[in-house]
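Below is one structure; the comments refer to it alone.
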Amino acid sequence: MSSGRAEPVWFGPEESPLFGVLHTPDALVRGAIVLCPPLGREYTYSYSTFAELATRLTQLGFAALRFDYRSTGDSFDRIADGPEGRGFEHDVRLAVAFARTLGVAHVGIVGMRLGANFATWQCGSEPVDAVVLWDPCPTGRSFLREQRALGLFGGVLTAEDDANRLGFPGFELSPEMTAEISDQDLVERKLGPVGTGGSADRVLLLTRSERAADRRLAERFDLPHVEHREVPGQPKLLNVHDDWPVVPTEGLATVAGWLDEVMPRGGSTIVTPSRSEVTVPIPSDGPGSSEVHGGGTAFIRERGVRLGPVGLFAIETERETGGSGAVCIFVSVANEHRIGPGRLWVQLSRVFAAEGSRCVRFDINGFGNSPARADRPLQPLRSIFGIDDVLDVARAVSPEDPGNVVLFGLCSSGYQVLEAALSLSPRGVCAMNPSVVFLPPEMASGGTMDVRRRFCVPQDLALAAARGTRAAKWLRRRFPAFTSRVGRRLWTVIGFFRNGPGARLGDLARAGTYVLLICNDHEVQPFLESGVSAVRRAEHRERLQIEVISTLDHGLLPSKDRQQVTQLILDYVRTRFRKPPEG
């Protein structure tokens, strides 16, 4: 069955437009469903779930709109709360209004976690046909407390931090946002039936089957038009730490099936959205753009593009008058989409574009909005095909000279940009906490390491020959840190040090690439323990800059870590690659 089309769209205010992905079926459309995401890390974890839900809805004949609230994801930052309403609620209202401009007669809303709360408030102002409240937060204050607890548990916050600190893992809040979230009380803002103070014909309340406390919330929604069901899967989707989020298939089936049941039948053609790209002013005194070249206001243009033979999804950002010099390429991190840690890729793209550079941030194949490569729908972390993705994008954005690029990556994508750089000899590469010590997927399945891996230090190399033995499994299980350390030491002793990651940094520098390596104490060790002489020679020639921040969080979740890294990157790009913009 066809999954229809998925196209990037912008809508809302000209000075701070919202970004969305509109999924439409190939045939007639029976209605539009607006998908309201959660916030913070929950937004990141649920991204693929909402993409899958949108695909299912198009197969049922619906148009589905996924979107980012202002100041989140790929949307532009909110400027101020206007008289039309407060930020998040107003953004939902804008999304519903945009869905109606498609020419559909029926509109529904699906909101998860705080997205459900925002949808509830929006429904108090404009009728919709159906609403799904998926695992809503009883109150905004409870959500903020949960996020602070996660920050403390994960080391992103400390007990000494202010209890009212306006940030939690991977997400920043303004005081206005915090106040707005604190006011979200789902119990007090119940959805009544049309004609009695509410504005939803049908409501489905989905709560966690794993949490008995949600049943008390359901009791407060005991209204004739509200249906309550319990679904499993939310903890594995949202309450993850080291493992990947697991798409809640039963919840997806419940939401799609219920909307198919309650939404009216019939169909019509839709109006094609007109805003496939936007031009937005970035003032010199705006957030993250305090040093825009020439002062005043720069106008930047953003548009969604498909790149390379696979059709990888990317957002291209450049000054309205065009970009010059090397293209900055930002690679998505791990299983996340293209925005980077705490939206760092988005913010850097817009700052550099305002200063005259062309920037592209893209999704690795199989993640975000990029299609999977043939016969490989699920890519393991650090797949060799991620390296191919970086090469494909460089060739697509700079076909005459693929090396005229600057590559940026973190963690797994930090490793991928280093590997790609050896083939490209780019103008520059910036790798943050690159993960180079790991067991390649091809070795984990019993094969040999791909010859294209030149930065990789195969984890547990000393035990690789005995991986299937009981003793080796026992050692790795009981003493993982020790076996990893022994494996790395043996890897150095037996002669691999000549071709290790440190030596490869020297190769990049000799080829003319400016390398910026930003690491914590742990991540920098494989580079310093191999090819030390090559590293020192490269540093002396000023082609290699190694910045060690002892306490740097691996994923850059704390805002203070992102601020430090941001300043290093700004200095690196402005010193090495900055050119005055044209016009």
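Of all the strands (runs of 3 or more DSSP E) wholly in segment 354-463, which have at least 3 residues that are closer than 30 Å to GLY4 by Cβ? I'd like the intermediate steps shown before the answer.
On the way: elements: 359-362, 405-410, 428-432.
Filter on segment 354-463 gives 359-362.
This table checks each residue for (1) touching a helix residue (DSSP H, G or I) at 6+ places or on another chain (Cβ under 7 Å); (2) of a type in the set (A, V, I, L, M, F, W, C); (3) within 30 Å of ALA444 (Cβ to Cβ).
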position	(1), (2), (3)
GLY308	yes, no, yes
LEU312	yes, yes, yes
GLU320	no, no, no
CYS328	yes, yes, no
VAL331	yes, yes, yes
ALA334	yes, yes, yes
GLN347	no, no, no
GLY366	no, no, yes
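Matching residues to (1) at pLDDT below 90; (2) outside the structural domain of LEU35 (by TED's automatic domain parsing); (3) charged (D, E, K, R):
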| position | (1), (2), (3) |
| --- | --- |
| LYS236 | yes, no, yes |
| VAL240 | yes, no, no |
| GLY294 | yes, yes, no |
| ARG301 | no, yes, yes |
| GLY304 | no, yes, no |
| PHE313 | no, yes, no |
| GLY323 | yes, yes, no |
With (1) modelled with pLDDT of 95 or more; (2) crowded, with 16+ Cβ neighbours inside 10 Å; (3) among the hydrophobic types (A, V, I, L, M, F, W, C) as the list, and VAL280 as the residue in question, which single condition is left unmet? (1)
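Quickly run through segment 389-426 and pick out the residues that are touching a strand residue (DSSP E or B) at 6+ places or on another chain (Cβ under 8 Å) and surrounded by fewer than 22 Cβ atoms within 10 Å (Cβ to Cβ). Give the derivation first.
Filtering segment 389-426 for residues touching a strand residue (DSSP E or B) at 6+ places or on another chain (Cβ under 8 Å) gives 389-390, 392-394, 396-398, 404-411, 413-418, 420-421, 424, 426.
Correct list: ASP392, ALA396, SER398, ASN404.
With the structure loaded, tell me whether GLY468 is in a loop (DSSP other than H, G, I, E, B), modelled with pLDDT under 60 and outside the structural domain of LEU307 (by TED's automatic domain parsing) or whether it fails that test. Step through it out loud before you land on a result.
On the way: in a loop (DSSP other than H, G, I, E, B): yes; modelled with pLDDT under 60: yes; outside the structural domain of LEU307 (by TED's automatic domain parsing): yes.
Criteria met by GLY468.
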Of these, VAL96, VAL92, VAL34, VAL9, which one is touching a strand residue (DSSP E or B) at 6+ places or on another chain (Cβ under 6 Å), farther than 24 Å from ALA253 by Cα and surrounded by 20 or more Cβ atoms within 10 Å (Cβ to Cβ)? VAL9
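Has segment 34-47 got any residue that is closer than 21 Å to PRO127 by Cβ and of a type in the set (Val, Ile, Thr)? If you could, list the steps in order and put the result at the bottom.
Of the residues in segment 34-47, the ones closer than 21 Å to PRO127 by Cβ are 34-36.
Now drop any that are not of a type in the set (Val, Ile, Thr), which leaves 34.
Within segment 34-47, one or more residues are closer than 21 Å to PRO127 by Cβ and of a type in the set (Val, Ile, Thr).
Looking at ARG358, ARG343, ARG373, which one is among the charged types (D, E, K, R) and in contact with a Cys (Cβ under 8 Å, 6 or more places away or on another chain)? First the steps, then the outcome.
Values: ARG343 fails: in contact with a Cys (Cβ under 8 Å, 6 or more places away or on another chain); ARG373 fails: in contact with a Cys (Cβ under 8 Å, 6 or more places away or on another chain).
Answer to the selection: ARG358.
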Residue under question is ASP135, and the condition is that it be of a type in the set (D, E, K, R), over 23 Å from the mean Cα position of the chain (by Cα) and at pLDDT 85 or above; does it hold? no
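Can you name every residue in segment 202-224 that is modelled with pLDDT of 75 or more and surrounded by fewer than 18 Cβ atoms within 10 Å (Cβ to Cβ)? Reasoning before the result, please.
Of segment 202-224, the ones modelled with pLDDT of 75 or more are 202-209.
Answer for segment 202-224, where residues must be modelled with pLDDT of 75 or more and surrounded by fewer than 18 Cβ atoms within 10 Å (Cβ to Cβ): just SER209.
Residue-wise test of (1) over 19 Å from VAL262 (Cα atoms); (2) surrounded by 24 or more Cβ atoms within 10 Å (Cβ to Cβ).
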| residue | (1), (2) |
| --- | --- |
| GLY4 | yes, no |
| PRO17 | yes, no |
| GLY20 | yes, yes |
| ALA27 | yes, no |
| ARG30 | no, no |
| ALA51 | yes, no |
| THR55 | no, no |
When segment 414-425 is checked residue by residue, the ones that are out of contact with any helix residue (DSSP H, G or I) (no Cβ under 7 Å at 6 or more places or on another chain) and of a type outside the set (Phe, Trp, Tyr) are GLY414, LEU418, SER425
All but one of (1) modelled with pLDDT under 95; (2) outside the structural domain of ALA27 (by TED's automatic domain parsing) hold for CYS328, so report the exception by its number. (1)
Could you tell me whether ALA130 is assigned by TED's automatic domain parsing to the domain that holds ALA32, at pLDDT 80 or above and of a type in the set (A, V, I, L, M, F, W, C)? yes
Looking at segment 301-356, which of its residues are surrounded by 24 or more Cβ atoms within 10 Å (Cβ to Cβ) and among the polar types (S, T, N, Q)? THR317, SER332, SER349
GLY197 passes all but one of the listed conditions (1) surrounded by 13 or more Cβ atoms within 10 Å (Cβ to Cβ); (2) under 23 Å from PHE88 (Cα atoms); (3) modelled with pLDDT under 80; (4) not basic (Lys, Arg); the exception is number (1)
Conditions (1) modelled with pLDDT under 95; (2) closer than 21 Å to ASP135 by Cα; (3) surrounded by fewer than 24 Cβ atoms within 10 Å (Cβ to Cβ); (4) not β-branched (Val, Ile, Thr) -> ARG70 fails only (2)
In this structure, is ARG141 in contact with an Asp or Glu (Cβ under 9 Å, 6 or more places away or on another chain), at negative phi, outside any helix (DSSP H, G or I) and modelled with pLDDT of 80 or more? no
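The values are calculated or read from the model by the stated rules, or taken from the named source; none is laboratory data. Predicted model, so just to flag it, every value in this text is computed and none were measured. Don't worry about glycine lacking a Cβ; one is built from the backbone with ideal geometry, like all the others, and counts go over all protein chains shown.
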